[in-house]
Amino acid sequence: MTLWQERFGAEGPAAELLAYTVSLPYDQRLAADDVEGSRAHVRGLAAVGIVSHDDANILLAALDRVGEELAAGTLAFKPEDEDVHTAVERRVTELAGRAGARLHTGRSRNDQVATDLRLFTKRELLVVGRRLIGLQRVLLGRSKEAGDAYLPGYTHLQRAQPVLLAHHLMAHAWAFARDVDRLMDTRRRLDVSPLGAGALAGSSLPLDPDFVAAELGFAHRFENSLDAVSDRDFVAEALFDLALIGVHLSRLGEEMVLWSTEEFGFATLADSYATGSSMLPQKKNPDIAELARGRSGRLIGNLTGLLATLKGLPLAYNRDLQEDKEPLFDALDQISGGVAAIAGLLATVTWNTERMREAADSQYVAAVDLAEWLVVKGMPFREAHGVVAGLVRDAIQRRVPLAELVESHPALGAEAVELLSPGVAVTRRVTPGGAGPKPVAIQLKRFEAHLADMVTRLGGDDEP
Ligand code: ARG
């Protein structure tokens, strides 16, 4: 039986209508939050005397039982249960008799679903934040153990200047740190209870939205009932946060794909984090990294899909809003799986630091150091750039080592040749936030402190 059948004729809803409109197959994920919201609602009704304390106790006992049945997986859903709210109310009514019929007093599924989804999102974003802390710990650990290993840093995917491997890994860690910060911002903004907004306009009954907001642990109650039931900004923001995490995983994944090629040869994936080919016996493929890259497309799609759903909606609730849940659930699942898989890949990958060093010691990567050496001697940078660029061009055209030309150049000479020695260039990146050993050691300390702060902000880092 639907919650609204008395309005319609005896034949009941068409099978096609139910098949097309039900959300229970996926919104059962909100069941625990629905029960929680209903508990607060019942306590609110009792507090203002709309429901007697006896009835409230019967309702609360029934809700406890429904919660247990849900947790045990024994609550049998019925074909007419349109959504999780219907299923919970139906079961409460079966258990609580007439008192059950008082549960929905002053409430609509419109404020109910918005309440459930905010409770759910608030909790799940914290879970994602904690997972990301785990990934950052892996990056930090691998950076610390990378020591003085260095590789070419790239711009335009062309070798540019050497950087410490730790510096490169930490660049990704800082991006994930911003992601956690962003999740916390989103959480703070969504921490508003819509319960008490009713279908759209509040109630003639003396409900107390502040009371139920506090009961549910929300920081605030809604200010405007129309906004309360129609606002899905928090879902869009959460989807953006998750899409950006997906983009960060994708960029990291792309580097793992490149680094594990024979052409780069910077990384060897652990066997347990690589896949084989059904036909080509020699293959060892970086599928996790590729899927992290590929799924970012899907995460972006979840965001743009919801924005498109929202853009034409008049106030207040429209059934279109039911389309908010699947993209959110999917994005959360994709990110949890992706963060775990990439963390495992990074924890177990072997860095081929010899190959990295060979690539970084290519003779031209210290070219800017030659120019800066001339700057220190008093030459304007543009002139110095020209001198060194000319030498590089000459070296390439005449196929002679750059060092020879540097040695015989009147403004440079033997002292400047030292700058081209293997391993020297990276040690000269000394400025704050730079890629050399001195600033990187400081960076690692600062990151550690930042991570500790963030863990405090998250109330611990126990992963679910
Ligand atoms: N399943 C619905 C949703 O997710 C619940 C709200 C239904 N409200 C309504 N007026 N039909 O949006």
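The values are calculated or read from the model by the stated rules, or taken from the named source; none is laboratory data. Everything quoted here is computed from the prediction, not taken from an experiment. Glycine gets a Cβ as well: all are built from the backbone with ideal geometry, and neighbour counts include every protein chain shown. The accessibility values were calculated without ligands, DNA or RNA, using every heavy atom of the protein model including side chains. Shrake-Rupley method; radii C 1.70, N 1.55, O 1.52, S 1.80 Å.
Once the Cα-Cα distance is subtracted from the 0.36 nm per residue extended length, the ARG393 to SER421 segment shows a gain of 8.1 nm.
Each residue of region 334-347 was assigned a 3J(HN,Hα) from its phi angle through the Karplus curve 6.51 cos²θ - 1.76 cosθ + 1.60 (θ = phi - 60°); the sequence is 5, 6, 4, x, x, 5, 5, 5, 5, 4, x, 4, 5, 5 Hz, with glycine and proline shown as x. Each Cα pair under 8 Å and six or more residues apart adds its separation to the average, and for the chain the resulting relative contact order is 17 percent. Rounded to the nearest whole Hz, the Karplus-based 3J(HN,Hα) values (6.51 cos²θ - 1.76 cosθ + 1.60, θ = phi - 60°) of region 126-136 follow the sequence 5, 4, 4, x, 5, 4, 5, 4, x, 5, 5, with x at glycine and proline. Under 5 Å from the amide H of ASN285 lie the amide H atoms of THR275, GLY276, each residue being 5 or more positions distant or on a separate chain, with H modelled from the backbone and absent for Pro and chain starts. Ranking VAL424, SER408, GLY106 by how far each Cα lies toward the positive end of the dipole of the chain (charges on Cβ) leaves SER408 at the top.
Sequence-distant contacts, meaning Cα pairs under 8 Å at least 6 residues apart, place the relative contact order of region 1-112 at 36 percent. Pull up all non-local amide H partners of ARG107: gap of 5 or more, or a different chain, and H-to-H distance under 5 Å with H placed in the peptide plane. Excluding prolines and chain starts, which carry no amide H, there are no hits. The slack between ARG298 and LYS438, meaning 0.36 nm per residue of separation minus the straight C-alpha distance, is 46.4 nm.
Hey, got the dipole for region 95-217? About the Cα centre, +1 on K and R Cβ, -1 on D and E Cβ, debye to the nearest 20? The partial results should precede the final answer.
Values: 18 positive and 12 negative charges, 51 e Å.
Charge dipole of region 95-217: 240 debye, to the nearest 20.
Ligands, DNA and RNA left out, the 1.4 Å accessible surface of the chain is 54% carbon and sulfur atoms. Computed from Cα atoms, the angle from the helix 233-259 axis to the main principal axis of the chain rounds to 30 degrees.
For region 352-464, the Cα-based Rg and Dmax, in that order, read 19.9, 65 Å.
For region 405-418, backbone phi angles converted through the Karplus equation (6.51, -1.76, 1.60; θ = phi - 60°) give residue-by-residue couplings of 5, 5, 4, 8, 7, x, 7, 9, x, 4, 4, 5, 4, 3 Hz, Gly and Pro being listed as x.
Taking a probe of 1.4 Å, how large is the accessible area per residue of the chain, in Å²? Numbers along the way, then the final one.
Values: 22170 Å² over 464 residues.
With all protein chains present, the chain gives 48 Å² per residue.
Within region 208-230, what residues put their amide N at less than 12 Å from the label point 7 Å along the Cα-to-Cβ vector of ASP64? Correct set: none at all.
What FRET efficiency do you get for VAL430 and THR275 if R0 is 41 Å and r is their Cβ-Cβ distance, rounded to the nearest 0.05? The calculated FRET efficiency here is 0.45.
Spin-label model, ARG178 to ALA15: label points 7 Å out along the Cα-to-beta-carbon direction sit 5.4 nm apart. Rounded to the nearest angstrom and listed largest first, the equivalent-ellipsoid semi-axes of the chain from its Cα gyration tensor are 60, 23, 19. The length gained by stretching the chain between ARG457 and LEU315 to full extension, at 0.36 nm per residue less their Cα-Cα distance, is 47.6 nm.
Here each label is just a point 7 Å from Cα along the line to Cβ, and for LEU3 and GLU263 those points are 5.7 nm apart. Computing FRET efficiency as 1/(1 + (r/R0)^6) for ARG159 and ASP333, where r is the C-beta to C-beta distance and R0 is 56 Å, gives about 0.90. Relative contact order of region 381-424, taken over Cα pairs closer than 8 Å and 6 or more residues apart, is 21 percent.
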